[in-house]
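One structure is given below, encoded as structure tokens.
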Amino acid sequence: MLIDWFTVAAQVVNFLILMWLLKRFLYQPVLDAIDAREERLTQQMQAAQDTQAAAAAERNKYERLNAELAQQQAGLLAQATAEVEATRLQLLEAAHNETASLRSQWQDALLKEQQSLTQGIANRTRQEVFAITRKTLADLADTGLEARMVAVFINRLQTLGMAEKIQMSPPAGQTDCQVLIRSAFLLPPNEQKALGQAVRNLLPIQPTIRFELASDLLSGIELITNGHKLEWSIAEYLAALEASIGELIHTTLVTNASVAPPEPAHA
């Protein structure tokens, strides 16, 4: 059998032309379409991945912001709670201090009122007692009692110390000396004479002695000379006793005032 090489060559050429045509008009558009589709799918997948990454980033950001907000809320709540507690403690402390101050002021006022009332009662009682004592002694005083007082006063003149004698004596070179003797009752002549003699024995020069009634004296005798006064009377003893009792009352009140009242027990 003979081979027709022309026919074979023609068929080869036809096949190559067919292959070129298929590739040019069929395969290439199909491949281009496939490439385009793959590229579009790749872009869509990339876009989806980008969207997913953006969504994850937004979610992380939201979660971070939410955590920060929760932390800030917790901090603000703790700060507000601490401030409220501090304010409550300050108000309680202020109320306690004010209560203590008012209680102290009330106690001081009550103590002062009590002291004033006690001192007033004590002073009034003391005044009334000594007023009654003076009146009683004035009612009981008579010439016999005054005569006895003259004897006591003469004894006092005779027992004077050197300092008092110098005070009663007139200055050196003075030639006259005035002596005033005052008494609540008019002294009898014998008492006047005895008292005058005691005064003359006391002074270095002969004095001029003058007797005078003094209703303000309570059963006593008063001698005045050279600006110096020598007195003996029951009123003098009463005044000294009254002053001593007044000082005792004052000291007692001051001592009681210095003792702080006990604090009331707290519940």
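Does any residue of the stretch 224-232 turn out to be assigned to a helix (DSSP H, G or I) and at pLDDT 75 or above? Reasoning before the result, please.
Of all residues in the stretch 224-232, those assigned to a helix (DSSP H, G or I) come to none.
Checked against the condition, which is being assigned to a helix (DSSP H, G or I) and at pLDDT 75 or above, the stretch 224-232 yields no hits at all.
Ala74: assigned to a helix (DSSP H, G or I), open to solvent by less than 70 Å² (accessible area, probe 1.4 Å) and at pLDDT 85 or above, yes or no? Break it down stepwise before answering.
Details: assigned to a helix (DSSP H, G or I): yes; open to solvent by less than 70 Å² (accessible area, probe 1.4 Å): yes; at pLDDT 85 or above: yes.
Yes; evaluated as a whole, the condition is true for this residue.
Report yes if Gly144 is under 18 Å from Trp232 (Cα atoms) and either over 57 Å from the mean Cα position of the chain (by Cα) or modelled with pLDDT under 85 (or both), otherwise no. The answer is yes for Gly144.
Output the residues belonging to the stretch 204-231 that are among the hydrophobic types (A, V, I, L, M, F, W, C) and either open to solvent by less than 10 Å² (accessible area, probe 1.4 Å) or under 14 Å from Asn155 (Cα atoms) (or both). Selection gives Ala214, Ile221, Leu223, Leu230.
Restricting the stretch 168-196 to residues that are over 22 Å from Ala151 (Cα atoms) and surrounded by 15 or more Cβ atoms within 10 Å (Cβ to Cβ) leaves a set whose member that is modelled with the lowest pLDDT is Pro170.
So which of Ser258, Ser244 ends up being open to solvent by 60 Å² or more (accessible area, probe 1.4 Å), at pLDDT 70 or above and under 55 Å from the mean Cα position of the chain (by Cα)? Before the answer, list the steps.
On the way: Ser258 fails: at pLDDT 70 or above.
After ruling out the rest, the residue left standing is Ser244.
For the stretch 97-108, the condition of being aliphatic (A, V, I, L, M), modelled with pLDDT of 85 or more and assigned to a helix (DSSP H, G or I) holds for at least one residue.
The values are calculated or read from the model by the stated rules, or taken from the named source; none is laboratory data. Just so you know, these numbers come straight off a predicted model, no measurement behind them. Because the Cβ atoms are built from the backbone with ideal geometry, glycine has one as well, and the counts that use them run over all protein chains shown. The accessibility values were calculated without ligands, DNA or RNA, using every heavy atom of the protein model including side chains. Shrake-Rupley method; radii C 1.70, N 1.55, O 1.52, S 1.80 Å.
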